[in-house]
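Participant: Below is a structure I'd like to ask you about.
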Amino acid sequence: MTKHQLNFRIALYGILLSSLIGGISFVFIFLESNLSHQLWGAIQGNILFSFIACLIGGLIIGLLKHKWGNYPHVAHHTISELKANLTIDYRPVFKNLTVALFILIFGAGVGPEAALLSSIVMLSVWQADKLRYLFFNQDTFITLTVKEKLRRMFHPTEYIVTYSQDKASNHPKAKRVNIIINTLFTFNGLFSFTFLMKLTEQPSFISHMGVSNWHLKELILLIPLMIIGIAFGKAYLLLKKQMQKWFNFWQDQPIKKTLLGSVAIFLVSLSLPSLMFSGQTSLGMVPEKYFQYSFLFLVGLVILKLVFLEICLNTGWVGGDIFPIVFASILLGFSLTHLFSGFDVVFIAAVTATAMGITILKSPIGISLFIALFFPLNIFPIILLVGACFMVQKKVMAPKNA
């Protein structure tokens, strides 16, 4: 086999595997979205059925944690393990997805992104190990029948070669080729996921926050809005630390812990069902309905959403915090429009949400770009300006922290 033939086979194999990873991600989101909609749509307004559903959810998740361990893993833990060990154990990936799926279906106030990204990282390491097997066993592989080739290509636990620094090439050209190939596989996986989402007409993750007609006069609000966003973000971080201390019990009794979370979900489902899940399904209604409620009521919703998020995270209903925090940040922004009447509503919401989101999630560039997806294009420079302010502040504070 020539070098070009081998590269072609590896690229084709990688495209197939990355398409499979995109398909698995789609199935997870499809099941989460549709099953949760069917469940809560059927029992909405029925106190008894809501209580039974929360009880069953808590029992299922608690039993799975008792049997399998502390799943789901979230993305930053998986990535940290990968950086430390240069590989990870990807065999529990479907345990990870299963527990996360039940958590999301039964109404926890968390997002799907953390467990899903963790699983994608696991599957990507599996993909790399499969490609490595093809590379180091090419002479044997080409002699096999088509059936045997397919069996080895897609076998979940066999015919793999784990990463080894001894076998890794340090040549700059090899590194560039790896970057190109990995980028190709990433975009192919995203394309497969997006194609399946469009094909089945699944709703978008992104809700649009209306139209902005901001002018230069709005810039006088930039610093005050950023200060308010930072203050709320710092307050949430203090709340987070405190709640971790409050819920530091029953560490070896996951069923009791998850049932405690079930009580919180049940109460929220009766009183404020819009705070259930990650918030992305309710976010689209905020620009239309915020003016119907007072400033204090909306701020109360922000606080309750963040408290609910922390209760879920600390009682075993683990999931992503990005979507819930962005939901709360944008809602805070719209609440402030009651205090700054006469100014552009979307400008106020965008600046406040960006400042609060960056303060909590500590990623000026990433969070700025993510929040910008929810807002019109003409507000994008303002969001980038807020992110740039945080970047400058981060660089200024870095020597002092060091």
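Participant: For the stretch 257-308, give me each residue that is in a helix (DSSP H, G or I) and touching a strand residue (DSSP E or B) at 6+ places or on another chain (Cβ under 9 Å).
Facilitator: 280
Participant: So which helices (runs of 4 or more DSSP H) stay within the stretch 341-402 end to end and still have 3 or more residues that are hydroxyl-bearing (Ser, Thr, Tyr)?
Facilitator: Answer list for the stretch 341-402: 345-361.
Participant: Let me ask another. Please state which one of 380, 343 is free of Cβ contacts under 8 Å to residues at least 12 places away in the same chain and surrounded by fewer than 21 Cβ atoms within 10 Å (Cβ to Cβ).
Facilitator: Answer to the check: 380.
Participant: Something else about it: Tell me the residue from 29, 52, 56, 61 that is in a helix (DSSP H, G or I), in contact with a Pro (Cβ under 9 Å, 6 or more places away or on another chain) and more than 27 Å from residue 191 (Cα to Cα), please. Break it down stepwise before answering.
Facilitator: Details: 29 fails: more than 27 Å from residue 191 (Cα to Cα); 52 fails: in contact with a Pro (Cβ under 9 Å, 6 or more places away or on another chain); 56 fails: in contact with a Pro (Cβ under 9 Å, 6 or more places away or on another chain).
On inspection, the qualifying residue turns out to be 61.
Participant: Search the stretch 130-150 for residues that are touching a residue at least 12 places away in the same chain (Cβ under 8 Å) and pair each with any residue that is among the polar types (S, T, N, Q) when their beta-carbon atoms are under 8 Å apart and the residues are at least 6 apart or on different chains.
Facilitator: What qualifies is 132/162.
Participant: Ok, one more. Can you tell me which residue among 367, 348, 330, 358 is buried (at least 24 other Cβ atoms within 10 Å of the Cβ) and out of contact with any Phe, Trp or Tyr (no Cβ under 7 Å at 6 or more places or on another chain)?
Facilitator: One residue alone meets the criteria, 367.
Participant: Is it the case that the stretch 212-226 has a residue that's assigned to a helix (DSSP H, G or I), within 25 Å of the chain's Cα centre (by Cα) and either touching a residue at least 12 places away in the same chain (Cβ under 8 Å) or not assigned by TED's automatic domain parsing to the domain that holds residue 29 (or both)? Steps first, answer last, please.
Facilitator: The first filter runs over the stretch 212-226 and keeps only residues assigned to a helix (DSSP H, G or I), leaving 216-226.
Subset that is within 25 Å of the chain's Cα centre (by Cα): 226.
Okay, now just the ones that are also either touching a residue at least 12 places away in the same chain (Cβ under 8 Å) or not assigned by TED's automatic domain parsing to the domain that holds residue 29 (or both), so 226.
Yes, the stretch 212-226 contains at least one residue that is assigned to a helix (DSSP H, G or I), within 25 Å of the chain's Cα centre (by Cα) and either touching a residue at least 12 places away in the same chain (Cβ under 8 Å) or not assigned by TED's automatic domain parsing to the domain that holds residue 29 (or both).
Participant: If you don't mind, another one. Kindly evaluate residue 382 against the criterion of being under 22 Å from the mean Cα position of the chain (by Cα), assigned by TED's automatic domain parsing to the domain that holds residue 300 and among the β-branched types (Val, Ile, Thr).
Facilitator: No; evaluated as a whole, the condition is false for this residue.
Participant: Related question: Has the stretch 287-294 got any residue that is under 30 Å from residue 375 (Cβ atoms), in contact with a helix residue (DSSP H, G or I) (Cβ under 9 Å, 6 or more places away or on another chain) and buried (at least 18 other Cβ atoms within 10 Å of the Cβ)? Outline the logic, then answer.
Facilitator: Our first condition is that a residue be under 30 Å from residue 375 (Cβ atoms); within the stretch 287-294, this holds for 287-294.
Filter once more, keeping what is in contact with a helix residue (DSSP H, G or I) (Cβ under 9 Å, 6 or more places away or on another chain): 287, 290-291, 293-294.
Of the ones still in play, those that are also buried (at least 18 other Cβ atoms within 10 Å of the Cβ) are 287, 290.
For the stretch 287-294, residues under 30 Å from residue 375 (Cβ atoms), in contact with a helix residue (DSSP H, G or I) (Cβ under 9 Å, 6 or more places away or on another chain) and buried (at least 18 other Cβ atoms within 10 Å of the Cβ): present.
The values are calculated or read from the model by the stated rules, or taken from the named source; none is laboratory data. Fair warning: this is a prediction, and the values are worked out from it, not measured in the lab. Methodologically, a virtual Cβ is constructed for each residue, glycine included, from the backbone with ideal geometry; neighbour enumeration extends over all protein chains shown.
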